[in-house]
Every structure is written in C-alpha cells, then in structure tokens.
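K.L.:
First the structure, then my questions, so here it is.
The values are calculated or read from the model by the stated rules, or taken from the named source; none is laboratory data. Everything numeric here is computed off the predicted structure, so don't read it as measured data. Cβ sites come from the backbone with ideal geometry, for glycine too, and all protein chains shown count toward neighbours. All accessible areas refer to the heavy atoms of the entire protein, side chains included, with ligands and DNA or RNA removed. Shrake-Rupley method; radii C 1.70, N 1.55, O 1.52, S 1.80 Å.
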Amino acid sequence: MIKIKQAVIVEGKYDKIKVSNILDTLIIETDGFGIFKDKDKQKLIRRIAETRGILILTDSDSAGFTIRSFLNGIVPQEQVTNVYIPDIFGKEKRKSEPSKEGKLGVEGVKSGVITDALKKAGVEFDVGAEKQINTQPVTKTDLYLDGLSGGKYSAEKRARFLKQLDLPEHLSSNSMLKLINSFMDRDDYKREIQKLNEGVKI
C-alpha cells in the first residue's frame, strides 16, 4: 500500500475498490455524472481539497474527461493534481463487452499503470514532512462523549458541527468520523468541539 497525502477522486465503486488496493488515502466517488447535481458532494470535495488537496483519477474516455473538467472548475487549481491513465484498449473482466470507446477504465488497468501515472503527475509517496493525521484518531467514543451521537439532541448538534466544519449536514456519524480523521487530528477536533460548545446551547 502506498500512502499519499491527497484524497483521490474516482468515478465509481469499482474504481474505488481498485484504487483502495493500491493507495492508503481517502477515496471519493463522483457516481459518474451524478457529481454535476450533487451539491453536498461538491461541497465535500472542496472542503477536502482545502485541507489536503485532491487527485483526480478518472477514466481516459470522453466521459472521464467531462467529469475531470467539471471537478477542475469547482476546485482551485493549486489544490488539484490531475492524474491520467494512458489509452489502453480492452474490456473489463466484469463487463460483457468493451466500453463505447473501447478503452479500459481505472478499474481495468493494472496496478502498475496507476502507480506509473501517479509518478508522472509528480505525486509524492510516503510524505514524511506532512502533518501526521490519524496518529491519535477521533473515535466513536469521542463522538458519544461530545454529544454528537447516541444522545437525544445528537442529530441537531451533529448538524451544527458539520455546518461549522463546512461539511454536508446529512452525513451520518460514521461518515463524519471518517472524514474528520482524514483532514484533522485529535487536537484540531477538540478545538472545534470547544468552539461548538461555546456557541451552542441545548
């Protein structure tokens, strides 16, 4: 597994499965063209881009480039690294026939092709100088003790906390926990909780 700082944006669940076997990082799906109308996911991607940067790893067909172009338009360029897989013609094993353009997508290429594409894009592996996130991760117990889960007013408090962090308000506690640990450490979390408690009276 290769550890990188940036989150990776892919098109679908099979791409995510493929990349998760190669990279140790947060991976977000666009659900294909679904990203165009999903304001919450757009907001989430912008938030993640601000804190750790994103890699865009879409297929090399026209649909993939359309999605890539859209993402490049909603996130500042200094926060984006575009990773391109080469045009390799063939058919994914799970499909009965090749795609419209006959090219293999992210899910279909060999792992080495993806790692080579990352290197060509200048992605740094095992960045030692970056902030050590998840050294002391925030846990489900923390969420419970801080009133963000399991309590009578937890849903309301969690919604306010998500708004404070500029994250989609409808995230579940489990999804929120994963995201919190992707871009802040325990001390950052505790500071945000203190800020929340000073401003919220339930």
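K.L.:
Please go through segment 75-85 and pick out each residue that is over 16 Å from residue 15 (Cβ atoms) and either charged (D, E, K, R) or within 15 Å of the chain's Cα centre (by Cα) (or both).
P.N.:
Keep residues of segment 75-85 that are over 16 Å from residue 15 (Cβ atoms), which gives 75-81.
Correct list: 75, 78, 79, 80, 81.
K.L.:
Still on this structure: Out of (1) of a type in the set (Ser, Thr, Tyr); (2) under 16 Å from residue 111 (Cα atoms); (3) in a helix (DSSP H, G or I), the odd one out for residue 60 is which?
P.N.:
Only one criterion is unmet by residue 60, namely (3).
K.L.:
Looking at 66, 51 in this structure, which one is at negative phi and in contact (Cβ under 8 Å) with a residue 60 or more places away in the chain?
P.N.:
Details: 66 fails: in contact (Cβ under 8 Å) with a residue 60 or more places away in the chain.
Testing whether each residue is at negative phi and in contact (Cβ under 8 Å) with a residue 60 or more places away in the chain leaves just 51.
K.L.:
Residue by residue through segment 86-124, note down the ones that are closer than 15 Å to residue 21 by Cβ, under 24 Å from the mean Cα position of the chain (by Cα) and open to solvent by 90 Å² or more (accessible area, probe 1.4 Å).
P.N.:
Matches in segment 86-124: 110 only.
K.L.:
Scan segment 121-155 for residues that are charged (D, E, K, R) and modelled with pLDDT of 90 or more and report the count. Please lay out each step first, then the result.
P.N.:
To start, the set of residues in segment 121-155 that are charged (D, E, K, R) comprises 124, 126, 130-131, 140, 142, 146, 152.
When the remaining residues are screened for being modelled with pLDDT of 90 or more, the result is 140, 142, 146.
Number of matching residues: 3.
K.L.:
Here is a check on your reading of the model: is residue 85 assigned to a helix (DSSP H, G or I) and hydrophobic (A, V, I, L, M, F, W, C)? Before you say what the answer is, go through the steps one by one.
P.N.:
Working: assigned to a helix (DSSP H, G or I): no; hydrophobic (A, V, I, L, M, F, W, C): yes.
It is false that residue 85 is assigned to a helix (DSSP H, G or I) and hydrophobic (A, V, I, L, M, F, W, C).
Table: residues versus (1) open to solvent by 10 Å² or more (accessible area, probe 1.4 Å); (2) in contact with a Ser or Thr (Cβ under 7 Å, 6 or more places away or on another chain); (3) among the aromatic types (Phe, Trp, Tyr).
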| position | (1), (2), (3) |
| --- | --- |
| 13 | yes, no, no |
| 17 | yes, no, no |
| 27 | yes, yes, no |
| 31 | yes, no, no |
| 39 | yes, no, no |
| 43 | yes, no, no |
| 47 | yes, no, no |
| 62 | yes, no, no |
| 70 | yes, no, yes |
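Residue by residue, here is whether (1) over 24 Å from residue 28 (Cβ atoms); (2) open to solvent by 60 Å² or more (accessible area, probe 1.4 Å); (3) free of Cβ contacts under 8 Å to residues at least 24 places away in the same chain; (4) of a type outside the set (Lys, Arg) holds:
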| residue | (1), (2), (3), (4) |
| --- | --- |
| 138 | no, no, no, yes |
| 145 | yes, yes, yes, yes |
| 150 | yes, yes, yes, yes |
| 154 | yes, no, yes, yes |
| 159 | no, no, yes, yes |
| 168 | no, no, no, yes |
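K.L.:
In addition: Filter segment 170-194 for residues that are farther than 20 Å from residue 43 by Cβ and not in a loop (DSSP other than H, G, I, E, B); which is most open to solvent (accessible area, probe 1.4 Å)? So that I can check it myself, show each step before the final result.
P.N.:
The initial filter retains those residues of segment 170-194 that are farther than 20 Å from residue 43 by Cβ, namely 185-187, 190-191, 193-194.
From the residues that got through so far, the ones that are not in a loop (DSSP other than H, G, I, E, B) too are 186-187, 190-191, 193-194.
Values: 186: 69, 187: 93, 190: 84, 191: 136, 193: 7, 194: 106 Å².
Top of the filtered list is 191.
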